[in-house]
Structures are given as structure tokens and as C-alpha cells.
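The structure under discussion appears below in the form of C-alpha cells.
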Amino acid sequence: MDGFLLALMLVFALALGGRDQLLVARWADGVGRGAALLAAASGCAVVSAAAMAWIGAEFASLLPPRAARMLVAFALGVAAVELALPVRREAPAHEPTRSHGAVAIVLLARQIGDGARFAVFALAAWATVPQATGLGGALGGAAAVALGWSVGEATLARWPLRTIRLALAAVLLIAALFVGL
């Protein structure tokens, strides 16, 4: 239960202002707020969280306890670095396609390597029940892209997302240091 709630809240917070949320907001503004876009974005959040939870649990099961703790610290550090990197906000000059399948592929590729999914990886490696962590990460990620889908890019641009992401990166870096030590 702890892994579920922690993953739910952490992934939602870490995905605020992320590349996937901004892409969904941009597409919602461009092609409309259809249910297919929301379903594709939520499905990608579920698949990426499930994949990272599974990978984290498998890696942790192969390692001795101390090495697994270092794996968790490393994953939290990578998540902190990814959060600290600036998110490009300018829209591409020309969208090559309006296919929801193409959007899903791009979203999934972006989500697999983002800070929120690395946090799911770390939590799954740490948790006793990694399936609960994956479920919490999936729901948190789906809620984050649904927020971007519902409010749009202009509203997200008015929020202090860069400051929030830098503060969360600092917290994750401190957590990585504590776990590693």
C-alpha cells in the first residue's frame, strides 16, 4: 500500500510540466480534446509505468540487498537529473501526422526515459509488492496526462512548472544521497 500511494503521488508530481504532459496539452489544443487522445495518452502512461515497475523489480531481485539499494539511489539520481533539464516549449513548425497511434509511440518513448518513470523503477526495486508500485505509477501518470489534456498548453504555460520541477529534482537528489549512503 505504501508503494502504491507513494508512486501515485510521486509520479503525478514529477510529471507536472513534463514533456509528455506538454505534448498531450499541445495535441489537445491542436486536434481537439477527443476521448481517443486521452485514451492513447493514458494507455501509454499505464504501459510505461508497468514496464518500469517490472524492470525495477527484476533488477532488484537479481542483486544483493546493498547493490539493490545502490540501484534505487542511482535511479533516483537519474530522475533528479532528468527533472532538472529544461523542457522545450516551442511547438514544431509542422506536425507530420495527426494519428493517435503516432502520438502514442512518441509519448511512450518519452515516458520510458523520464524522471517519473525512473521513480517508478526505483520504487519497484525498493517495494515489497512492485505490482502495487506499478499500479500507483500508472494512475499517477494517467492523471498527469489527463490534466494536460483538460487544461491545454496555454494554461500549463502560466503555472510555475519549471520551479516545481527544480524543487522536486533537489528533493530527489537528496533522497538519492540518503538511500545511497
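The values are calculated or read from the model by the stated rules, or taken from the named source; none is laboratory data. Not measured: the values here are computed from a predicted model. Here the Cβ is made from the backbone with ideal geometry for all residues, glycine too, and neighbour counts use every protein chain on show. When the accessible area is computed, the model is the full protein with side chains, heavy atoms only, and any ligands, DNA or RNA have been set aside. Shrake-Rupley method; radii C 1.70, N 1.55, O 1.52, S 1.80 Å.
Ignoring ligands, DNA and RNA, what accessible area per residue does the chain give at 1.4 Å, in Å²?
On the way: 8910 Å² over 181 residues.
Accessible area per residue, the chain: 49 Å².
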| request: At 7 Å along the Cα-to-beta-carbon direction for both THR163 and THR128, put a label point, then send me their distance in nm to one decimal. | output: 4.0 nm
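Which of rounded, prolate or oblate describes the stretch 99-181 when judged by the alpha-carbon gyration tensor and an a/c cut-off of 1.5? Walk me through the numbers on the way to the answer.
On the way: a/c = 2.24, a/b = 1.32, b/c = 1.69.
Note, shape of the stretch 99-181 comes out oblate.
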| Between ILE174 and ASP29, what is the FRET efficiency for a Förster distance of 30 Å, r being their Cβ-Cβ separation, to the nearest 0.05? | 0.25
| said: Just to be sure I understand the rule: take each whole DSSP H helix in the chain, project its Cα atoms onto its long axis, keep it if the span is 20 Å or more and its mean Kyte-Doolittle hydropathy is at least 1.6. Which ones pass? | reply: 35-62, 161-180
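Efficiency by 1/(1 + (r/R0)^6): what FRET value for VAL81 and ALA39, r their Cβ-Cβ distance, R0 = 45 Å, to the nearest 0.05?
On the way: r = 31 Å, r/R0 = 0.70.
So the FRET efficiency works out to roughly 0.90.
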| Can you pull the Rg over Rh of the stretch 1-45, Cα-only, Kirkwood? | 1.07
| Along its principal axes, what span do the Cα atoms of the chain show, with the longest given first and each in whole Å? | 49, 29, 27
| note | Whole-Å distance linking the alpha carbon centroid of the stretch 1-74 with that of the stretch 123-147 is 6 Å
| Share of the stretch 25-156's accessible area from carbon and sulfur, percent, 1.4 Å? | 71 percent
| remark: Per the charge dipole of the chain (beta-carbon charges, Lys/Arg positive, Asp/Glu negative, Cα centre), the residue among GLY140, GLY43, THR163 reaching farthest to the positive end is THR163
| note | Around ALA53 (Cβ within 15 Å, Cβ-to-Cβ, excluding ALA53; K/R +1, D/E -1) the net charge comes to -2
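Run the dipole for the chain about the Cα centre, Lys and Arg Cβ at +1, Asp and Glu Cβ at -1, nothing else charged, and hand back the magnitude in debye, nearest 20.
Values: 13 positive and 9 negative charges, 48 e Å.
The dipole of the chain has a size of about 240 debye.
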